[in-house]
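The values are calculated or read from the model by the stated rules, or taken from the named source; none is laboratory data. A quick note: this is a predicted structure, and the numbers were derived from the prediction, not measured. Cβ coordinates were reconstructed from backbone atoms using ideal geometry, including for glycine residues, and neighbour counts include every protein chain displayed.
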Amino acid sequence: MDPEYEQFCRGALADPYPLLHRLRTEDPVHWSERLNSWVLTRYADVYAAFLNPRLASSRVSIFVSELPETMRSQVAPLREHLSNWMLFSDPPNHTRLRNLLGKTFTPGIVENMRAQLQDIVDGLLDKRKAAGRMDLIADFAYLLPVTVICEMLGIPARDHDRFRHWSEDIVAFTSAGGPARAATAARSQQSLMELSDYFRGVIADCRHNRPDTLLGELVAVEEQGDRLTERELVSMCTLLFIAGHETTTNLIGNGMLALLQNPAEFKKLKENPTALMNSAIEELLRYEAPLQRQTRVAKEDLQIGGKSIRKGDAVLLMQGAANRDPAQFPDPDHLNIARPEKENRHVAFGWGSHFCVGAPLARIEAQVAFGTILRRAPGIRLVAGQKLEWRQSMGLRGLKALHVEIGARN
């Protein structure tokens, strides 16, 4: 097997885009024996797959099937919990859960959080200004969204650190590919059970005190007599917590690295942040998608790109590859923060009924984060000599660390 392809299948390829370009050119609907999945790399195929009702989002059974047979019964609690995630469900249950969440998690409510986000960002930069440098991932890109989602769920600040290893363990399983899942399953189950137990306590408190938080609203929300069961509430909390910070951390970290490595584009943004910030965020989402792929399962036999997909086959929708497809994006490997909206219909947040419900929050967090850095640390630069390392994952693309100098006087 090609060593580069093997690294790709393990989520360990630092720069996957040349290989993805090659797959798109040579075999765009590619059957991977290593991943036991079809791999879609063309924008048109990925976009269509997001909208195809014959491709199911309910895919936890596929994850479990990739484990050794002797292990499958041992992770039954993990399977049951993940199956309740809105992310891994299909209509009508997905529609019901999304409608219930939509009652409390609206773009208008998110927009009203801008002042709160600004306070958090300023506080994080204040803590690092004396040192004049920071790890942008650990000291900023992680702490911003995790602080926000914890406040939305009513999690005390003293407990924030407890969540990091829980989240990392769970994501290691859900974003792994093929045989890599077996190495993460037991640890993921343990962390998911601990996180679930924690949220049961928070939910019990919410039922008694009804705090003014997103979780408090979810506990109370009703729609035509319907409401979330406790099991659904626990699953909703674990999903919101993990989805609420993992991709935003990567958006900020990947985006800042892209800007620092493309100084001409960074200069344009500094000179005209008001006009270019929104298009810059969309371009950063396209250029280094925080979520590189999603999985679907064929509900029946079908054809994609001239290939016969069998019922039960797993299909990987490679968002990172689709976002670099030259048939859709002019000069796709070039960062262009002024790329017109009509030329940037990226799929970083997915598409269709499963379009990321947290996209408005992620966009506003990124706007406040980048805008404040431009204003308070305009001379930000990479610490010389550091080796950039990417987290090992087929699904999430993010840096382990990004050391930057920010200037002690800003």
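Would you please list the contacts, defined by Cβ atoms under 8 Å and residues six or more apart or on different chains, that run from a residue in the range 123-145 that is surrounded by fewer than 17 Cβ atoms within 10 Å (Cβ to Cβ) to a residue that is among the small types (G, A, S) and modelled with pLDDT of 95 or more?
Close Cβ pairs satisfying both conditions: A138/A401.
In the range 93-122, how many are without any contact (Cβ under 8 Å) to a residue 12 or more places away in the chain and closer than 30 Å to I380 by Cβ? Can you show your working first?
Pass one, the range 93-122, residues without any contact (Cβ under 8 Å) to a residue 12 or more places away in the chain: 93, 106, 108-109, 112, 115, 119.
Restricting the remaining residues to those that are closer than 30 Å to I380 by Cβ gives 112, 115, 119.
The total comes to 3.
Could you tell me whether the range 237-246 includes any residue that is in contact with a Ser or Thr (Cβ under 6 Å, 6 or more places away or on another chain), assigned to a helix (DSSP H, G or I) and of a type in the set (F, W, Y)?
So far as the range 237-246 goes, no, none of its residues is in contact with a Ser or Thr (Cβ under 6 Å, 6 or more places away or on another chain), assigned to a helix (DSSP H, G or I) and of a type in the set (F, W, Y).
Any residue in the range 313-325 that's touching a residue at least 12 places away in the same chain (Cβ under 8 Å) and within 8 Å of Y43 (Cα to Cα): show its pairings with residues that are in a strand (DSSP E or B) and among the β-branched types (V, I, T) at Cβ separation under 6 Å, as long as the two are six or more apart or on different chains.
none
So in the range 308-350, with the set limited to residues that are in contact with a helix residue (DSSP H, G or I) (Cβ under 7 Å, 6 or more places away or on another chain), small (G, A, S) and not in a loop (DSSP other than H, G, I, E, B), which one is nearest to S57 (Cα to Cα)?
A314
So V46 passes all but one of these: (1) within 28 Å of V146 (Cα to Cα); (2) within 20 Å of the chain's Cα centre (by Cα); (3) buried (at least 19 other Cβ atoms within 10 Å of the Cβ); (4) not polar (S, T, N, Q). Which condition number does it fail?
(1)
Return the residue satisfying two criteria in turn: it lies in the range 31-54 and is part of a strand (DSSP E or B) and among the small types (G, A, S), and of such residues it is farthest from H354 (Cα to Cα).
Checked the range 31-54; the qualifying residue farthest from H354 (Cα to Cα) is S32.
Out of all the residues in the range 101-120, is one or more within 23 Å of I242 (Cβ to Cβ), touching a Gly at 6+ places or on another chain (Cβ under 7 Å) and either at pLDDT 95 or above or of a type in the set (G, A, S) (or both)?
no
Across the range 55-96, which residue is farthest from A298 (Cα to Cα) among those that are among the hydroxyl-bearing types (S, T, Y) and in a helix (DSSP H, G or I)?
Initial filter on the range 55-96 (among the hydroxyl-bearing types (S, T, Y)): 57-58, 61, 65, 70, 73, 83, 89, 95.
Restricting the remaining residues to those that are in a helix (DSSP H, G or I) gives 61, 65, 70, 73, 83, 95.
Details: S61: 12, S65: 15, T70: 26, S73: 24, S83: 17, T95: 19 Å.
Here the answer is T70.
Evaluate the following for L233: is it modelled with pLDDT under 85 and either among the polar types (S, T, N, Q) or in contact with a Leu (Cβ under 9 Å, 6 or more places away or on another chain) (or both)?
When the stated conditions are applied, L233 does not pass them.
Please find, within the range 244-291, the residue that is nearest to E168 (Cα to Cα) out of those that are under 14 Å from the mean Cα position of the chain (by Cα) and charged (D, E, K, R).
Top of the filtered list is E246.
Could you list, in sequence order, the residues of the range 201-219 that are farther than 22 Å from Q367 by Cβ and surrounded by 14 or more Cβ atoms within 10 Å (Cβ to Cβ)?
Step one: list which residues in the range 201-219 are farther than 22 Å from Q367 by Cβ, which gives 201-213, 215-219.
Across the range 201-219, the qualifying residues are V202, I203, D205, C206, P211, T213, L215, G216, E217, L218, V219.
Take the residues of the range 391-410 that are modelled with pLDDT of 95 or more and not in a loop (DSSP other than H, G, I, E, B): which is surrounded by the most Cβ atoms within 10 Å (Cβ to Cβ)?
In this case the residue turns out to be V404.
Find the residue count for the range 14-51, including only residues that are farther than 20 Å from A180 by Cα and of a type in the set (S, T, N, Q).
2
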